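Visitor: One structure is given below, represented as structure tokens, and several questions about it will come after.
Only the coordinates and a few stated rules stand behind these numbers; no lab work does. What you see is a predicted model, and the numbers here were worked out from it, not measured in a lab. Glycine gets a Cβ as well: all are built from the backbone with ideal geometry, and neighbour counts include every protein chain shown.
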Amino acid sequence: MTREEERLIKKKRITGIVTVVLVFLVVGIAAALCTVRVPAGYAAVCYSMNGGVSGKTYGQGWHFKNPTVKTTNYTVGIEQSYLTANKKGDSPKDESFSASSSEGKSLTIDLTYTYKFERKNVCKVFTEFKGLNGDDVRDTFIKPNIVSWSKEVICKYEVSDIIGSKRDEVNKALTKNLAARFEPYGISINNVSMLDVSVDKKTMKVINDKIAAQQDAETQAIKNKTNIDKAKADAEVKRTQAQADADAKVIEAKAEADANKKLNSSITENLIKMKEAEARYKHGWVTVKGADTVVTDAKEK
């Protein structure tokens, strides 16, 4: 085999390899353009440059599509989001915010919430937010309004209630208010919770003093109630005992009266005559009064 023949054979091999690579490349590009993978917990809105939003959505998994169709993903599974001073979850920087209590006291709040996009409304979300994906909608719309609409609720409560006894009530009010405010946009908000609430040192001292006073008052109230309950119980025991004694005396008197009545009813004229005869026989001339009483007549003796 000549060198020329070897060169031609080598050239054919290279050409064949290049052809195969090009075929695989074309197939790969076509596959990429004609298929889309939607992650678990997401829905994809389908749209094209010439037809706009088709109204069709894809659920999780692989899907075949027209190469001209594009998709944008929105989470339809529950996502946890944070607005915190320290880096946490989707809060890469200080996203805590300030709010005022009903007394005008300033509070710094770290907050968390869960959200998702309703699948039936993701096309509406895509249109209203001009094609922004779910993360962008969260960062540019959800988070700023979480802050703004949360302040509307927080300002109705005293700072001591927000930090102390009514914190759970405030969280429930936040959840209810934010859920209602975001619903028209096809966004579901749930489980809003203040992770941390801080105030200046002076305000915190006032709150602590108030809480301590409330605890002292509650403790005293419990002691007072205990003493009152004990006094009532003691009085009830005495009343019950007195009633029992009175009932016993009544029963005793009634028994005695019944006994006397029975005794009196048992004394008859014949009984008296019999007793009198028995006594005269034993003592001489006597007078009998009643069934058991014998009176001796001295004159007759």
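Visitor: Using a 10 Å cut-off around each Cβ, can you sort Cys34, Cys46 from fewest to most neighbouring Cβ atoms?
Guide: On the way: Cys34 13, Cys46 21.
Going from least to most buried by this count: Cys34, Cys46.
Visitor: Still on this model: Trypsin sites (Lys or Arg not before Pro), restricted to the stretch 137-244: which are DSSP loop and have at most 16 other Cβ atoms within 10 Å? Kindly include the intermediate steps, with their values, before the conclusion.
Guide: Numbers: sites: Arg138, Lys151, Lys156, Lys166, Arg167, Lys172, Lys176, Arg181, Lys201, Lys202, Lys205, Lys210, Lys223, Lys225, Lys230, Lys232, Lys238, Arg239; in loops: Lys156, Lys166.
Here the sparse-neighbourhood loop sites are Lys156, Lys166.
Visitor: Please report Leu174, Leu132 as a ranked list, fewest other C-beta atoms within 10 angstrom at the top and most at the bottom.
Guide: Values: Leu174 23, Leu132 17.
With the fewest neighbours first, Leu174, Leu132 line up as Leu132, Leu174.
Visitor: Can you work out the FRET efficiency for the pair Asn191 and Lys166, with r the C-beta to C-beta distance and R0 = 25 Å, to the nearest 0.05? Walk me through the numbers before you get to the answer.
Guide: Working: r = 18 Å, r/R0 = 0.72.
Calculated value: 0.90.
Visitor: How far apart, in nm, are the 7 Å Cα→Cβ label points at Glu278 and Lys120?
Guide: So the two model labels end up 10.7 nm from each other.
Visitor: Sorted from fewest to most neighbouring beta carbons within 10 Å, what does the list Tyr157, Tyr113 look like?
Guide: Values: Tyr157 19, Tyr113 24.
Fewest to most other Cβ atoms nearby, the residues stand as Tyr157, Tyr113.
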